[in-house]
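Structure record follows, encoded as structure tokens.
The values are calculated or read from the model by the stated rules, or taken from the named source; none is laboratory data. This is a predicted model, so every value here is computed, not measured. A quick note on method: Cβ atoms are made from the backbone with ideal geometry, for glycine too, and the neighbour counts reach across all protein chains shown. These accessible areas exclude ligands, DNA and RNA; they are computed on the full protein's heavy atoms, side chains included. Shrake-Rupley method; radii C 1.70, N 1.55, O 1.52, S 1.80 Å.
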Amino acid sequence: DGRPSLANFLAGHDARAQLLPAGDARCAKALALKTLLFACDVPGGFALAVLAEADHCDEALLAATLGVGRVSLAPRALAEVASGFVMGTLPPCGTGCEGGITVIDTRIFCGRPIVGGGGELGTRLLISSPAELERLAALGGAVVISAISVQAREPTAGEPEDDEHLNLAELPAVDVSGERVHIWGVVASKRPMARKLCFVTLLPHPQLLPPETPLRTGWGARRTLWRPVGRGIPRSPPPVAVQLVMGKALEGAIGSEALALLIRSIRVGHELRVVAAPMVQPAWRAAGAPMHVSRGWAWLPRQFLASLLDWLPPPPR
């Protein structure tokens, strides 16, 4: 369990930071970070890259910062052994990578609190400032501040940025409390984390949306185009995004090699019909809409498994 060691690390170094439930409103107000573990030719064999969750690590910039020829994202099993934390919970400091190098992206120095992985699922680490993160990271090894990210696309002129431009009643519904949900969508973005772990964001299929609704794929595209329904959902909820986790659950359903092939095959813009078990993360809160995460167990990309689509009806509007 990663949390006790992280809690001890924070307490032992008088950290201006705290572990909080993922749905805590204070987490929603902070800049969200992600921490990636890269294998490369540096002391210890690994480097941590810390950057904004919405940005994308430029491996060429990271390699140049480290003074090596190339870097590669560590496979899941290797990353978990090296860091001591399960994939998706890796904190930006206090990991098991003692003596390694942590590269912190310059974009996170924004004068706001920051929040990252909390060592276990459902927990987040809230840090008072990027300067405090720099101090804490330096306790485990060398720290470098450098530009290593590519910023997500800014909204284009005329693209709606708030819910006032949407008729929420016309958005396709997704039952966040059901045991199994059917989702018909288009891949907006794909983030492979390891050979057998990938996060895919789905937009509703165009046929499920009003004709005038802008629908763009790629990083920076609007993702909150689903209407959540189910037990415990407010009467007039804000729209949510749907992210599909391709990992252990899917591996158990179709096998390791099929999962790896599927992750390699899926591309932005592909149409998918998915049967998934919903998991809302983080919990509903007053400040902003949550991400609706679905742990898919039957992924059916039309381009590759079209023969299996006939039995799946499109979801109701």
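Numerical summary
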| read-out | value |
| --- | --- |
| Selection count, region 254-268, where residues are assigned to a loop (DSSP other than H, G, I, E, B) and open to solvent by less than 40 Å² (accessible area, probe 1.4 Å) | 2 |
| Some residue of region 38-45 being at pLDDT below 90, open to solvent by 20 Å² or more (accessible area, probe 1.4 Å) and at positive phi | yes |
| Residue list for region 95-116, restricted to those being β-branched (Val, Ile, Thr) and either part of a helix (DSSP H, G or I) or within 17 Å of the chain's Cα centre (by Cα) (or both) | Thr106, Ile108, Ile114, Val115 |
| Cβ-Cβ under 6 Å pairs, at least 6 apart or on other chains, region 49-76 side free of Cβ contacts under 8 Å to residues at least 40 places away in the same chain, far side open to solvent by 70 Å² or more (accessible area, probe 1.4 Å) | Ala63/Arg70; Val68/Asp41; Val71/Glu59 |
| Subset of region 165-219 that is at pLDDT below 80 and of a type in the set (S, T, N, Q) - its residue that is farthest from Ala79 (Cα to Cα) | Asn167 |
| Residue that is closer than 28 Å to Lys248 by Cα and open to solvent by less than 60 Å² (accessible area, probe 1.4 Å), where the choices are Glu59, Glu80 | Glu80 |
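Listed here are the residues, each with its yes/no results for (1) open to solvent by 60 Å² or more (accessible area, probe 1.4 Å); (2) closer than 26 Å to Arg26 by Cα.
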residue: Gly67; (1), (2): yes, no
residue: Gly96; (1), (2): no, no
residue: Ile104; (1), (2): no, yes
residue: Leu126; (1), (2): no, yes
